[in-house]
Amino acid sequence: MPPDPVPAPLAAPVPIAALTIEPRAVEGRIRIPYRWPAGRTAGAFLARLRDEGRLYGLRCPRCKQVAVPPRPRCLACRVPSEDWVAVGPEGELLSWTTAPAAPARPAEVWALVRLDGADTALFHRLLDVPPDRLRVGLRVRADVASPTVRRGAITDLIGFCAV
Amino acid sequence: MQPVAILGAAQTRHVARRDDACYSELAFEVVAALLAETGFTHPRIDTVITVSSDFSDGRTISDMAVQDAVGAAGKSSSKVSMDGAFALAYAAARLTCGRYRTCLVVAHAKASEGRPREISRAAFDPFFERPLGPTDHVALGLQARRFLARGTVTREAVALAAARALAYANGNPNAHWRGALSSREIQLGPPVADPLHRFEVAPDSDGACALLLADLDTARAHAAARGVPVIRLDAVACATDRHGLGDRDLGLPGVLPQVARAAYAQAGITDPVREIDVAEVYDASAVQTLLWREGVGLPVDLLAGPAWNPSGGALCAQPGFATGLVRVAEVWRRLAAGEGRTGLAHGMTGFVGQAHCVGILRRA
């Protein structure tokens with residue numbers, strides 16, 4: 001067996017502050033597919049939107065407030081809401097904003113709309129409303145995609161147009 | 001609650017991009033500064049709460065990745081994945097249960113590592129909201145329109161709040177944004193989320209913040225030994241509101257008035273305008289600078305009552321979930337420096353203030 005090598009003398013420690021640190025970065029992308037079952041309440045709303053082209057809310061048996069989007073329990077009374085009621089297709093514009101869209105999406109106008117017969121507001125988009133007509137309280141109408149392309153998603157509602 | 005105390009606070013400078021430090025190094029930076037400031041060493045820290053966002057860090061269980069940096073090995077540690085102000089409630093609970101005498105709270109965020117707008121999209125409801133592609137800025141724009149539609153303040157007042165924040169930030173070495181712009185210049189700037197323009201929406205910052213909390217006996221002994229005042233945490237209150245963007249009126253302060261009242265009751269405050277000397281709130285937009293003021297029961301006039309976001313607020317530095325903890329650190333710093341006796345620190349989580357947390361700090 002060859003003799004053990006003579007250990008090299010230890011280099012004098014260099015303080016880290018004296019080293020030139022090259023900033024390095026590691027790039028990555030996390031891409032994980034998900035599948036979210038919509039559940040009974042959102043699922044029923046989306047199925048009726050697909051099948052009937054209409055919007056529905058859930059009415060609280062106690063305070064009679066109608067939630068759109070539907071909530072399985074009244075958010076105020078905490079009791080189960082089981083009465084589906086048709087709302088809209090017209091409603092009132094409560095708020096809107098334009099913000100730079102996410103990459104690869106066209107610029108959009110997002111809105112909160114309280115549909116006729118509803119007490120809460122639906123978040124969606126506005127379609128082709130001239131800027132000079134935009135105001136809180138504007139009457140708007142739901143524009144639903146044709147039955148052949150509806151697939152049971154909130155985007156089956158294309159958006160809201162000025163009445 | 002049994003009073004606990006905040007012994008010290010440290011924060012980094014908040015900047016657009018810290019390429020020289022990975023996020024555990026950022027957390028280490030504030031822990032090292034805090035230990036140097038307080039004279040504490042790791043063996044004297046009993047428990048640790050870290051604050052981070054997995055989505056922001058691009059790493060699940062993101063708290064475990066900073067445990068070495070914050071000296072948590074061998075200790076009971078836990079995590080808040082909400083705004084850092086909420087960690088106050090957690091830390092106070094740990095201290096008042098009597099098992100721990102000291103608690104280190106550390107929050108970090110590096111907005112520059114990911115894409116904050118795209119990350120924010122993942123927090124929206126996947127059935128009704130997310131398919132439409134909203135971001136946190138969209139929610140801020142909708143809130144701003146609702147707030148202005150109430151007619152309680154003018155559009156000009158919102159821009160003035162932003163201009164004032166930038167001016168205040170000129171005196172804050174840790175601020176990400178500072179400057180001298182008029183309200184008119186701000187309103188002529190590029191729109192971010194209509195009706196909000198640049199500088200009326202908080203920046204995305206890299207930064208970290210750490211606090212050391214202790215029971216009152218430990219705090220008194222520490223204060224006596226170091227010749228510093230005891231800064232008590234006399235109240236922490238939190239509440240959460242409805243989640244859906246259309247399920248509450250975004251133009252109102254939501255659950256914040258209830259949270260503030262609970263905090264004032266705990267701290268024995270009956271007249272917040274007179275009794276609070278300094279307040280720091282998490283204002284993700286200049287509308288929130290005004291709306292949260294209404295929420296904590298102060299007059300709309302920014303010159304009445306306590307110093308209001310004298311650091312420039314979140315409008316001048318928004319390091320993710322560390323933002324609310326920075327509010328606490330700023331209030332602590334001013335009370336420790338003798339700029340008043342009672343301070344209010346506010347944090348929020350969720351879009352446009354779904355959940356609020358208010359802490360009341362007092363110099364003994």
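The values are calculated or read from the model by the stated rules, or taken from the named source; none is laboratory data. Quick caveat, the model's predicted, so the values are computed rather than measured. Ideal geometry is used to build each Cβ from the backbone, glycine not excepted, and the neighbour counts take in all protein chains shown.
Would you tally the residues in segment B:270-287 being more than 14 Å from chain A (Cβ to nearest Cβ) and either β-branched (Val, Ile, Thr) or more than 18 Å from the chain's Cα centre (by Cα) (or both)? Qualifying residue count for the region: 9.
Criterion applied to B:148, B:188 was being surrounded by fewer than 24 Cβ atoms within 10 Å (Cβ to Cβ) and in contact with a Gly (Cβ under 9 Å, 6 or more places away or on another chain), and the one residue passing it is B:148. Considered as a group, the residues in segment B:224-247 that are of a type in the set (Gly, Ala, Ser) and either closer than 19 Å to residue B:294 by Cβ or more than 9 Å from every other protein chain (Cβ to nearest Cβ) (or both) include one that is surrounded by the most Cβ atoms within 10 Å (Cβ to Cβ), and that residue is B:235.
If you go through segment B:268-309 and keep only what is hydroxyl-bearing (Ser, Thr, Tyr) and crowded, with 24+ Cβ neighbours inside 10 Å, you end up with B:282, B:285, B:289. Residues of segment B:50-68 that are among the hydrophobic types (A, V, I, L, M, F, W, C) and out of contact with any His (no Cβ under 9 Å at 6 or more places or on another chain): B:55, B:61, B:64, B:65. Looking at A:87, A:129, A:144, A:113 in this structure, which one is aliphatic (A, V, I, L, M) and within 11 Å of chain B (Cβ to nearest Cβ)? Being aliphatic (A, V, I, L, M) and within 11 Å of chain B (Cβ to nearest Cβ) holds for just one of A:87, A:129, A:144, A:113, which is A:113. Condition test on residue B:76, is it in contact with a Phe, Trp or Tyr (Cβ under 8 Å, 6 or more places away or on another chain) and within 24 Å of residue B:281 (Cα to Cα)? In short, no.
Taking only segment B:299-341 into account, find how many residues are assigned to a loop (DSSP other than H, G, I, E, B), in contact with a helix residue (DSSP H, G or I) (Cβ under 9 Å, 6 or more places away or on another chain) and modelled with pLDDT of 95 or more. Residues meeting the conditions: 11.
Of the residues making up segment B:39-54, just one is surrounded by fewer than 19 Cβ atoms within 10 Å (Cβ to Cβ) and more than 30 Å from residue B:228 (Cα to Cα), namely B:54. With respect to being more than 12 Å from chain B (Cβ to nearest Cβ) and modelled with pLDDT of 95 or more, residue A:35 falls outside the description.
Tallying residues that are out of contact with any helix residue (DSSP H, G or I) (no Cβ under 6 Å at 6 or more places or on another chain) and of a type in the set (Ser, Thr, Tyr) within segment B:57-85 yields 4.
Residues that are touching a helix residue (DSSP H, G or I) at 6+ places or on another chain (Cβ under 7 Å) and touching a residue at least 60 places away in the same chain (Cβ under 8 Å) number at least 2 in the following helices (runs of 4 or more DSSP H) confined to segment B:175-282: B:256-267. Being within 12 Å of chain B (Cβ to nearest Cβ) and surrounded by fewer than 19 Cβ atoms within 10 Å (Cβ to Cβ): is that true of residue A:122 here? Criteria not met by residue A:122. Would you call residue B:305 of a type in the set (Gly, Ala, Ser) and within 30 Å of residue B:115 (Cβ to Cβ)? So residue B:305 fails the test. Quick one: count up the residues across segment B:105-136 that are among the acidic types (Asp, Glu) and without any contact (Cβ under 8 Å) to a residue 24 or more places away in the chain. Residues in segment B:105-136 being among the acidic types (Asp, Glu) and without any contact (Cβ under 8 Å) to a residue 24 or more places away in the chain: 1 in total.
When each of B:304, B:267, B:345 is tested for being closer than 21 Å to residue B:213 by Cβ and over 16 Å from the mean Cα position of the chain (by Cα), the lone residue that passes is B:267.
Conditions (1) at pLDDT below 85; (2) touching a strand residue (DSSP E or B) at 6+ places or on another chain (Cβ under 9 Å); (3) at the interface with chain B (Cβ under 8 Å from one of its Cβ atoms); (4) assigned to a loop (DSSP other than H, G, I, E, B), marked per residue:
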residue: A:1; (1), (2), (3), (4): yes, no, no, yes
residue: A:6; (1), (2), (3), (4): yes, no, no, yes
residue: A:12; (1), (2), (3), (4): yes, no, no, yes
residue: A:42; (1), (2), (3), (4): no, no, yes, no
residue: A:58; (1), (2), (3), (4): no, yes, no, no
residue: A:78; (1), (2), (3), (4): no, no, no, yes
residue: A:91; (1), (2), (3), (4): no, yes, no, no
residue: A:95; (1), (2), (3), (4): no, yes, yes, no
residue: A:102; (1), (2), (3), (4): yes, no, yes, yes
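Being surrounded by 20 or more Cβ atoms within 10 Å (Cβ to Cβ) and within 14 Å of chain A (Cβ to nearest Cβ), is that true of even one residue in segment B:160-183? The answer is no, given that none of the residues of segment B:160-183 is surrounded by 20 or more Cβ atoms within 10 Å (Cβ to Cβ) and within 14 Å of chain A (Cβ to nearest Cβ).
Take the conditions (1) within 24 Å of the chain's Cα centre (by Cα); (2) more than 7 Å from chain A (Cβ to nearest Cβ); (3) of a type outside the set (Gly, Ala, Ser); (4) not in a helix (DSSP H, G or I); residue B:134 misses just one of them, which is (2).
Of the residues making up segment B:73-87, those that are of a type outside the set (Asp, Glu) and buried (at least 23 other Cβ atoms within 10 Å of the Cβ) are B:80, B:84, B:85, B:86, B:87. Of the residues B:250, B:256, the single one that is crowded, with 20+ Cβ neighbours inside 10 Å and either within 12 Å of chain A (Cβ to nearest Cβ) or in contact with a Leu (Cβ under 7 Å, 6 or more places away or on another chain) (or both) is B:250.
Residue count for segment B:92-122 under the criterion of being within 27 Å of residue B:287 (Cβ to Cβ) and either surrounded by fewer than 20 Cβ atoms within 10 Å (Cβ to Cβ) or within 13 Å of another protein chain (Cβ to nearest Cβ) (or both): the result is 11.
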